[in-house]
């Protein structure tokens, strides 16, 4: 999440860099990771479940037994959690489902008659089988199941499998399992990393291969999704989590600093950017971040992320601020200004937008806002949107042509096909014309 030099050149004189990222390359594909993932996928495709379990033993600490989590265990997973955690997860699951169902209700089938006798339309049909990866590393992202499993089920996907890596005790994280249960997972497995994605994609879990893989993970998970794409669909290729804040002189520097650190906490390569029309605010936020880092429990993560990937940029006016932010195209974008409506209408490139000082990315991250947190990174918001109920639906088109509509279609296709030299295409039209004309003559 950086400005391109050419774009900055176009805005020369209308901005000032108050803090720039360190001179480090952005997080990107590691050739060693790509090579390792390729070897693992080939081995698993060749040796099947034997290879999956070998990698589960070596990488997950699997010590034998069934990697599938029984329906009863999945249902009981919430019993191990404090009541307030269960209640919060239930709220997040319900909010995410409600938003996804509202999205689904606005994706409607339609049919229209383009010309007399030519009826066309589309209908939304869910994909058949989805595999969701639910990460559970240093920070188990408990809402991930809401965004992947739950939204897929809201779209009407008949079968959703969930895989999550086991902990040191060989068991899957109970809160991750409870989130999967609340979200409607049909089957769940204590299986992590490349081997989990391969098992779902190759149909090694007692099920047919999935049609689509979704969910975040580490560099190996992201690379496995990249290499499996084409064999299966994927949600998107996401890099380190990103946040940007667009603020003016009415913003609270304490809140802005906290929200920037809130996403920098995801990892030491997570970018955080502030674009502001107030130089005073920019300088205050830089000082406030340093102050908050002194006592932040996760400063070992957020500190290096801010140092190496954080930026603060002053823009001379609102229009310039919009241009700069659209160039960054951040995954998460907060707006703290006196005229949030202007920025809502003007901004075009972001994964998800959080309007006003009372909004914060964490509300979406934890499922409370209902919107999805699986979003494009590394500038992907310039051309792609995040995961939503629509991603699990196929808008399938159809057409229905009557005899009476034949001349208007077939005569034009005859001309075009002859010009292109595509004789077989031409014949499909001229044969229908020939069949139309005798009947037409007989009706006169």
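Worth a mention:
- Qualifying residue in region 375-383 (condition: farther than 30 Å from residue 257 by Cα and out of contact with any helix residue (DSSP H, G or I) (no Cβ under 9 Å at 6 or more places or on another chain)): no
- Search result, residues across region 16-29 that are out of contact with any helix residue (DSSP H, G or I) (no Cβ under 6 Å at 6 or more places or on another chain), assigned to a loop (DSSP other than H, G, I, E, B) and in contact (Cβ under 8 Å) with a residue 60 or more places away in the chain: 20, 26, 27, 28, 29
- Taken over region 289-303, residues that are in contact with a helix residue (DSSP H, G or I) (Cβ under 9 Å, 6 or more places away or on another chain) and within 24 Å of residue 238 (Cβ to Cβ) amount to 4.
- Residue in region 172-190 that is surrounded by fewer than 24 Cβ atoms within 10 Å (Cβ to Cβ), over 19 Å from residue 66 (Cβ atoms), in contact (Cβ under 8 Å) with a residue 60 or more places away in the chain and out of contact with any helix residue (DSSP H, G or I) (no Cβ under 7 Å at 6 or more places or on another chain) present: no
- Filtered residues of region 146-189 (kept if over 17 Å from residue 205 (Cα atoms) and in a loop (DSSP other than H, G, I, E, B)): 155, 156, 157, 167, 168, 169, 170, 171, 173, 184
- Residue count for region 317-336 satisfying the condition of being touching a helix residue (DSSP H, G or I) at 6+ places or on another chain (Cβ under 7 Å) and either over 25 Å from residue 266 (Cβ atoms) or modelled with pLDDT under 95 (or both): 2.
- Pick from region 1-15, criterion touching a residue at least 40 places away in the same chain (Cβ under 8 Å) and surrounded by 13 or more Cβ atoms within 10 Å (Cβ to Cβ), ranking: farthest from residue 377 (Cα to Cα): 14
- Scanning region 393-429 for residues that are without any contact (Cβ under 8 Å) to a residue 60 or more places away in the chain and either in a loop (DSSP other than H, G, I, E, B) or under 30 Å from residue 100 (Cα atoms) (or both) yields 421, 422.
- Some residue of region 193-200 being in the same structural domain as residue 98 (by TED's automatic domain parsing) and either assigned to a loop (DSSP other than H, G, I, E, B) or surrounded by fewer than 24 Cβ atoms within 10 Å (Cβ to Cβ) (or both): yes
- Among the residues listed as 107, 101, 59, 74, the single one being assigned to a loop (DSSP other than H, G, I, E, B) and surrounded by 13 or more Cβ atoms within 10 Å (Cβ to Cβ): 107
- The sole residue among 51, 39 that is under 26 Å from residue 206 (Cβ atoms), assigned by TED's automatic domain parsing to the domain that holds residue 195 and without any contact (Cβ under 8 Å) to a residue 12 or more places away in the chain is 39.
- Scanning region 243-257 for residues that are touching a residue at least 60 places away in the same chain (Cβ under 8 Å) and touching a helix residue (DSSP H, G or I) at 6+ places or on another chain (Cβ under 7 Å) gives 243, 244, 245, 246, 247, 251, 256.
- Filter result (surrounded by fewer than 19 Cβ atoms within 10 Å (Cβ to Cβ) and over 17 Å from the mean Cα position of the chain (by Cα)) within region 231-247: 231
To keep it simple, each residue is scored yes or no on (1) over 25 Å from residue 149 (Cβ atoms); (2) assigned by TED's automatic domain parsing to the domain that holds residue 90; (3) touching a strand residue (DSSP E or B) at 6+ places or on another chain (Cβ under 9 Å); (4) surrounded by fewer than 16 Cβ atoms within 10 Å (Cβ to Cβ).
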residue: 365; (1), (2), (3), (4): no, no, yes, no
residue: 409; (1), (2), (3), (4): yes, no, yes, no
residue: 420; (1), (2), (3), (4): yes, no, no, yes
residue: 429; (1), (2), (3), (4): yes, no, no, no
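The values are calculated or read from the model by the stated rules, or taken from the named source; none is laboratory data. These figures come from a predicted structure and were not determined experimentally. A quick note on method: Cβ atoms are made from the backbone with ideal geometry, for glycine too, and the neighbour counts reach across all protein chains shown.
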